[in-house]
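Before any comments, here is the structure.
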Amino acid sequence: MTVQLKDPSLFRQQCYIDGKWVEADGGETIEVTNPANDEVIARIPKMGADETRAAIEAANRAWPAWRALTAKERCTILRNWFNLITENADDLALLMTSEQGKPLAEAKGEVTYGASFIEWFAEEARRVYGDTIPQHQADKRIVVIKQPIGVVASITPWNFPIAMITRKCAPALAAGCPVVIKPAELTPLSAFALAELAERAGIPAGIINVVTGVASEIGGEMTSNPTVRKLSFTGSTRVGKLLMEQCAGTVKKVSMELGGNAPFIVFDDADLDAAVEGAMISKFRNAGQTCVCANRIFVQDAVYDAFAEKLAAAVEKISVGAGTEAGVNQGPLINLAAIAKVEDHVADATAKGAKVAVGGGRHALGGTFFEPTVLTEVTTDMKVTHEETFGPVAPLFRFKTEEQVIEMANDTEFGLAAYFYAKDLGRVWRVAEALETGMVGVNTGLISTEVAPFGGVKESGIGREGSKYGMDDFLEVKYICMATG
Ligand code: ADP
């Protein structure tokens, strides 16, 4: 084993189905590599439709007992899981950095953030209130109750290997639903470790299942199997659309957290130092590989040069290296395909007249390391305008008026997050309301928290995760009409 954990039993290479650690039926495996050095760190089961069906059936068998527990009983078990994750944060962070690449400090931050959803929904479990409604006829009484929807399937991406799982599983489990998780094949080890801790926390067999393998086969079974009543997906818009189509056959409820193309706007009345700080967090966190990363940075004419200079100076200080090395604040990208996309965006922009202020190419470390980059004089005919770069490239567009930048910001099929920096209160309200996104950061580049609703509009998604709204996606509303006569 190449990842040295304090508790080696958190290093699991098998899937978790019906409370058992299992191999694929045919014994086939997939390699998991460390993106910082391409070293193979694990071999995980290559499962398909059959194993997925077994997991779904196990979840369905386990469901009645789980939903019959009181909310407080489920809450206590979830709280145990939260405590175990918190206690094992160092190991979980190291495991995550080893398979995903992000710096250890960021990985640790994600463990805390991921665990926070479990704590939050353990508390929310006890507040799933129903309703009574004044009757429409004298001899009737109307009651509304909320019930767990049933078996939930979760498909999650590699950029947040823990938080994207807990953000879906915690509300599902709290609501009384069992889950079958398909983590990204690039980052399954964090998912297995979460399952190991779930088992220790007392989550019964069948209530959490983790399957890895051929995405299209697992996804095909999850979306066609009528026992699955809900699919919660985070990933690309392309795959999200495909899964929605597949879910239509059995009319499943879906939650989709898809791509973004976040605008980050700096108005001329902004505090430029604060805007630079916000841009650094919003753009360069996780090496630019988050769906809420600033993708297009719009800067008003009068402050354009000053902002570009300050941002370039800050970006030059980013230390690139393996996430396990001290002082590193940008790790490798996930794989060579990610590097190719970033290179393509930079080449397209510079060919059309953009200037490289900092970086601009592969990093001297080689492999999947890319230089933190700032591009200036970027225009809307360049690829970076319409496609999510998902890498450490900050493209600076110039704009003149508020109306113009709102039009530019909204000129995309995506609508996940937006950020802007301004001081004028009237402008703050106008712009916050005019941006067509599910989330807006005003004078901040960091908006994610378990207490607020995360999600997008337009082609960025359906549904909200976290907050008091996050439980609704896993509940059905039932109206009961009682005659009194
Ligand atoms: P990303 O750009 O984050 O890799 P993807 O949408 O490709 O976005 O991946 C997100 C998740 O969707 C991963 O777990 C991946 O394995 C899964 N996935 C990809 N293709 C399919 C598919 N055809 N059916 C089901 N899941 C899929």
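The values are calculated or read from the model by the stated rules, or taken from the named source; none is laboratory data. Because the structure is a prediction, the values reported are computed rather than measured. Note that we place each Cβ from the backbone using ideal geometry, even for glycine, and neighbour counts take in every protein chain shown.
Would a scan of region 229-247 turn up a residue that is surrounded by fewer than 24 Cβ atoms within 10 Å (Cβ to Cβ), more than 15 Å from the chain's Cα centre (by Cα) and of a type in the set (Val, Ile, Thr)? No, that holds for no residue.
For region 185-202, the set of residues classified as crowded, with 24+ Cβ neighbours inside 10 Å and under 18 Å from GLY219 (Cα atoms) consists of THR187, PRO188, ALA191, listed by residue number.
Is it true that some residue in region 392-401 is at pLDDT 95 or above, over 30 Å from GLU371 (Cβ atoms) and not acidic (Asp, Glu)? Lay out the reasoning, then the answer.
Initial filter on region 392-401 (at pLDDT 95 or above): 392-401.
Then keep just the ones that are over 30 Å from GLU371 (Cβ atoms); that gives 400-401.
Remaining after also requiring not acidic (Asp, Glu): 400-401.
Within region 392-401, one or more residues are at pLDDT 95 or above, over 30 Å from GLU371 (Cβ atoms) and not acidic (Asp, Glu).
Screening region 117-161 for strands (runs of 3 or more DSSP E) wholly inside it with 2 or more residues that are more than 30 Å from GLY259 (Cβ to Cβ) returns the ranges 131-133, 140-148. Going through region 414-446 one residue at a time, which ones are surrounded by fewer than 16 Cβ atoms within 10 Å (Cβ to Cβ), touching a residue at least 24 places away in the same chain (Cβ under 8 Å) and in contact with a strand residue (DSSP E or B) (Cβ under 8 Å, 6 or more places away or on another chain)? Result: ASN443, THR444.
Among residues of region 138-165 that are without any contact (Cβ under 8 Å) to a residue 60 or more places away in the chain and of a type in the set (A, V, I, L, M, F, W, C), those with a Cβ under 8 angstrom from a residue that is surrounded by 24 or more Cβ atoms within 10 Å (Cβ to Cβ) and part of a strand (DSSP E or B), sequence gap 6+ or separate chain, pair up as ILE165/SER154; ILE165/ILE181. The criterion of at least 3 residues that are more than 14 Å from ASN209 (Cα to Cα) and β-branched (Val, Ile, Thr) is met, among strands (runs of 3 or more DSSP E) falling completely within region 1-83, by 29-33, 40-45.
Here GLU51 fulfils each of the conditions (1) buried (at least 23 other Cβ atoms within 10 Å of the Cβ); (2) charged (D, E, K, R); (3) farther than 24 Å from GLY219 by Cβ apart from (3). The residue of region 267-300 that is nearest to the chain's Cα centre (by Cα), among those that are more than 30 Å from ILE162 (Cβ to Cβ) and assigned to a strand (DSSP E or B), is PHE298. In region 346-413, counting only strands (runs of 3 or more DSSP E) that sit wholly within it, none holds 3 or more residues that are in contact with a strand residue (DSSP E or B) (Cβ under 7 Å, 6 or more places away or on another chain), surrounded by fewer than 20 Cβ atoms within 10 Å (Cβ to Cβ) and of a type in the set (Asp, Glu). Scanning region 134-152 for residues that are more than 16 Å from the ligand (Cβ to nearest atom) and touching a helix residue (DSSP H, G or I) at 6+ places or on another chain (Cβ under 9 Å) gives LYS146, GLN147, PRO148, ILE149, GLY150, VAL151.
Suppose the filter is aliphatic (A, V, I, L, M), surrounded by 15 or more Cβ atoms within 10 Å (Cβ to Cβ) and more than 16 Å from the ligand (Cβ to nearest atom); does ALA125 pass it? Considered against the rule, which asks whether it is aliphatic (A, V, I, L, M), surrounded by 15 or more Cβ atoms within 10 Å (Cβ to Cβ) and more than 16 Å from the ligand (Cβ to nearest atom), ALA125 comes out as yes.
One line per residue, one yes/no per condition, for (1) touching a Ser or Thr at 6+ places or on another chain (Cβ under 6 Å); (2) under 18 Å from LYS253 (Cβ atoms):
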residue	(1), (2)
ALA153	no, yes
THR156	yes, yes
ARG167	no, yes
THR187	no, no
ALA191	no, no
ILE203	no, no
THR212	no, no
THR227	no, yes
SER232	yes, yes
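Could you say whether any residue in region 153-171 is of a type in the set (A, V, I, L, M), closer than 23 Å to SER448 by Cα and away from the ligand (no atom under 16 Å from the Cβ)? There is at least one residue in region 153-171 that is of a type in the set (A, V, I, L, M), closer than 23 Å to SER448 by Cα and away from the ligand (no atom under 16 Å from the Cβ).
Yes or no: GLU316 away from the ligand (no atom under 16 Å from the Cβ) and either modelled with pLDDT under 95 or within 18 Å of ILE281 (Cα to Cα) (or both)? Before the answer, list the steps.
On the way: away from the ligand (no atom under 16 Å from the Cβ): yes; either modelled with pLDDT under 95 or within 18 Å of ILE281 (Cα to Cα) (or both): yes.
When the stated conditions are applied, GLU316 passes them.
If a residue has to be of a type in the set (Val, Ile, Thr) and within 26 Å of GLY176 (Cβ to Cβ) to count, how many in region 79-110 make the cut? Don't jump to the end; show me each part of the working.
Of region 79-110, the ones of a type in the set (Val, Ile, Thr) are 85-86, 97.
Within this subset, residues satisfying the condition of being within 26 Å of GLY176 (Cβ to Cβ) are 85-86.
Final tally of qualifying residues: 2.
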